[in-house]
Amino acid sequence: MRPILVIPARMAATRLPGKPLADIHGRPMIAHVIDRAREAGIGPVAVAAGEPEIVDAARAAGAAAVLVADDVPSGTDRVQRAIAALDPEGRHDVVVNLQGDFPTIAPETLRAVLEPLADPAVDIGTLVCPIADEEEANTPSFVKAACAFEGAARVAPTLYFSRLPIPWGDGPRWHHIGVYAYRRAALDRFVALPASPLEMREKLEQLRALEAGMRIAAARVDHGPFGVDTPHDLERARSLLASRGHA
């Protein structure tokens, strides 16, 4: 595989406007996400930016950056347009989509998203971690993935995603982590598909791929990355990065 890692980022955020440029120890958050992406050692790192100021910040942090018009429906579409501009020759056959609000993601967590693509039949790799308790299982903002790992296996087919606590019955349940590794052809196909009925019902775009017959598999990790969505989250990120020596 010849992966490239692309970080979609835009200034409009309901709970924390301008968060890609939010200050964390004198540097914008997008610079810290770029740092974590580089530490994973997956491949080149680029930013798919919604605004010129994000392009400037990404380039100042040493990453490639592409300005993508803000008329795209999702971060996935932003990533696809950026990679089409960055790599029209198709040198990179895998595209890792890392959200721009994971400034503390561990390198080993990010590397794990490539593991499902060891199976040539898998179109899209993603990540899951164990659900801690019933409160988390019943919280709609925590997306659940229906998958079952055999024994010590680290990868399993993912058959459905929901905001409900699926699957029913005894056994572990899995919290979906929104990091993806797309085969290049799968990414191009995905963004060309219309929104699907279950996608619109659950408000989960990955269901579009499943409804179109694409195969998604998940690698399991012990803990999910911490996403920054609110001012309180931002303070927590500052504290975590200071304690890890990334200040």
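The values are calculated or read from the model by the stated rules, or taken from the named source; none is laboratory data. All figures in this text were calculated on a predicted structure; none of them were measured in a lab. Cβ atoms come from the backbone with ideal geometry, glycine included; neighbour counts cover every protein chain shown. Accessible surface is based on the protein model in full, side chains and every heavy atom, while ligands, DNA and RNA are left aside. Shrake-Rupley method; radii C 1.70, N 1.55, O 1.52, S 1.80 Å.
Overview of values
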read-out	value
Answer residue from the range 205-216, given it is buried (at least 21 other Cβ atoms within 10 Å of the Cβ) and aliphatic (A, V, I, L, M) and is farthest from L117 (Cα to Cα) among those	L207
The range 9-26, residues that are assigned to a helix (DSSP H, G or I) and either buried (at least 21 other Cβ atoms within 10 Å of the Cβ) or modelled with pLDDT under 90 (or both)	K19, P20
Hits in the range 191-203 (condition: open to solvent by less than 40 Å² (accessible area, probe 1.4 Å) and within 24 Å of D119 (Cα to Cα))	V191
Condition check for A64: within 23 Å of D188 (Cβ to Cβ), open to solvent by 30 Å² or more (accessible area, probe 1.4 Å) and in contact with a Pro (Cβ under 8 Å, 6 or more places away or on another chain)	yes
Those residues of the range 120-147 which are within 15 Å of R184 (Cα to Cα) and either hydrophobic (A, V, I, L, M, F, W, C) or part of a loop (DSSP other than H, G, I, E, B) (or both), in sequence order	P120, A121, V122, D123, I124
Candidate set: the range 130-185, residues that are within 16 Å of the chain's Cα centre (by Cα) and more than 20 Å from P116 (Cβ to Cβ); chosen: the one surrounded by the fewest Cβ atoms within 10 Å (Cβ to Cβ)	S141
Every residue from the range 222-235 that is part of a helix (DSSP H, G or I) and surrounded by 14 or more Cβ atoms within 10 Å (Cβ to Cβ)	D233, L234
Elements of type helices (runs of 4 or more DSSP H) in the range 150-221, at least 1 residues being of a type in the set (A, V, I, L, M), within 27 Å of I7 (Cβ to Cβ) and touching a residue at least 12 places away in the same chain (Cβ under 8 Å)	184-192, 206-211
Filter result for the condition that a residue is farther than 19 Å from K19 by Cα and over 17 Å from the mean Cα position of the chain (by Cα), over D70, D87	D87
Of residues in the range 104-129 being touching a Pro at 6+ places or on another chain (Cβ under 7 Å) and either polar (S, T, N, Q) or at pLDDT 95 or above (or both), the one surrounded by the fewest Cβ atoms within 10 Å (Cβ to Cβ)	L114
Near pairs, Cβ below 6 angstrom, 6+ apart or cross-chain, from the range 1-27 (in contact (Cβ under 8 Å) with a residue 24 or more places away in the chain and within 18 Å of H232 (Cβ to Cβ)) to any residue that is in a loop (DSSP other than H, G, I, E, B) and open to solvent by 30 Å² or more (accessible area, probe 1.4 Å)	R15/D229; R15/T230; L16/T230; H25/A247
